[in-house]
1. Restricting the search to the stretch 134-175, which residues are in contact with a helix residue (DSSP H, G or I) (Cβ under 7 Å, 6 or more places away or on another chain) and at positive phi?
2. Val161 is checked against (1) more than 21 Å from the chain's Cα centre (by Cα); (2) farther than 19 Å from His90 by Cβ and fails just one. What number does that condition carry?
3. Give me the pairs: first residue in the stretch 99-123 and over 22 Å from His139 (Cα atoms), second residue part of a loop (DSSP other than H, G, I, E, B), beta-carbon distance under 7 Å, and six or more apart or on different chains, which are they?
4. Working only within the stretch 131-165, note down all residues that are free of Cβ contacts under 8 Å to residues at least 24 places away in the same chain and outside any helix (DSSP H, G or I).
5. Could you tell me which of the residues Leu29, Leu84 is exposed (fewer than 13 other Cβ atoms within 10 Å of the Cβ), out of contact with any strand residue (DSSP E or B) (no Cβ under 8 Å at 6 or more places or on another chain), of a type in the set (A, V, I, L, M) and at negative phi?
6. Determine, yes or no, whether Tyr23 is touching a Gly at 6+ places or on another chain (Cβ under 7 Å), outside the structural domain of His139 (by TED's automatic domain parsing), surrounded by 19 or more Cβ atoms within 10 Å (Cβ to Cβ) and of a type in the set (Ser, Thr, Tyr).
7. Criterion first (in the same structural domain as Ser99 (by TED's automatic domain parsing), at pLDDT below 95 and acidic (Asp, Glu)) does Asp126 satisfy it?
Amino acid sequence: MIPQKPIDYDHIPEPTLRRLPWYLAYLKLEREKGETNISSTQISRAINVGASQIAKDLSMINVSGKTRVGYDVNELVDVLEDFLGFSHTHKAFLFGAGSLGGALLHDKGLSQYGMEIVAGFDVNPDRVSMSINDIPVYHLDDFDQMQSQMGVSIGILTVPVDRAQEVAERMVAGGIRAIWNFTPFRIHMPENIVVQNTSIYAHLALIFNRLDHQSQKK
């Protein structure tokens with residue numbers, strides 16, 4: 001099952017990339033229960049994704065199961081963790097150590113998926129020079145110095161919306177090459193900068209809209 005040929009990263013659809021961590025999370029749960037082999041049908045029943053879609057997604061990372069046996073759970077976990085980048089550590093800086101940023105600094109689960117936040121940056125005097133979950137918070141003006149020492153490539157953006165573009169540009173100027181944007185503002189970045197937008201407020205809007213729609217149908 002271990003991929004035998006190079007994976008064509010450029011042609012893997014984003015929906016597939018979003019589903020692969022679902023498979024990994026379920027496989028880890030099953031491994032803890034002692035399961036050694038699993039079929040796409042079993043995965044399908046658990047996470048409500050079609051078995052054929054699961055097989056297609058896994059084939060894109062050159063993984064295929066065996067007839068009447070399925071997938072080797074341990075091997076598939078290893079392949080998924082390696083492909084998704086969870087098997088090695090990626091250092092990150094966090095910009096904006098307020099309520100949301102502070103919660104991310106407290107989140108020990110990120111390290112289980114290969115992300116280590118090594119420092120936070122803020123401009124609020126009440127937050128600068130403190131530590132959150134043993135992670136130091138520096139003034140934003142110290143970013144360039146810390147970046148020269150650590151060479152971090154990932155930045156997590158949790159600043160107020162009116163500062164998002166300004167801080168993002170400063171991050172990129174300092175050498176950040178990928179931004180995980182938690183603000184509702186859609187920052188404008190050069191094409192060579194990886195941007196992942198994860199706005200909890202946008203998801204709230206979807207929840208409220210769908211909830212209201214379901215209520216109107218009753």
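The values are calculated or read from the model by the stated rules, or taken from the named source; none is laboratory data. Remember, predicted model here, so these are calculated numbers, not experimental data. So basically every Cβ, Gly included, is an ideal-geometry build from the backbone, and we count neighbours across all protein chains shown.
1. Listed by number, the list holds a single entry, Gly175.
2. With (1) more than 21 Å from the chain's Cα centre (by Cα); (2) farther than 19 Å from His90 by Cβ applied to Val161, the lone miss is (1).
3. Pairs found: Tyr113/Phe86; Gly114/Gly85; Gly114/Phe86; Gly114/Ser87; Gly114/His88; Gly114/Thr89.
4. Within the stretch 131-165, Ser131, Asp134, Pro136, Tyr138, His139 meet the criteria.
5. Going through Leu29, Leu84 in turn, the sole match is Leu29.
6. Judged against the criteria, Tyr23 is not a match.
7. It is true that Asp126 is in the same structural domain as Ser99 (by TED's automatic domain parsing), at pLDDT below 95 and acidic (Asp, Glu).
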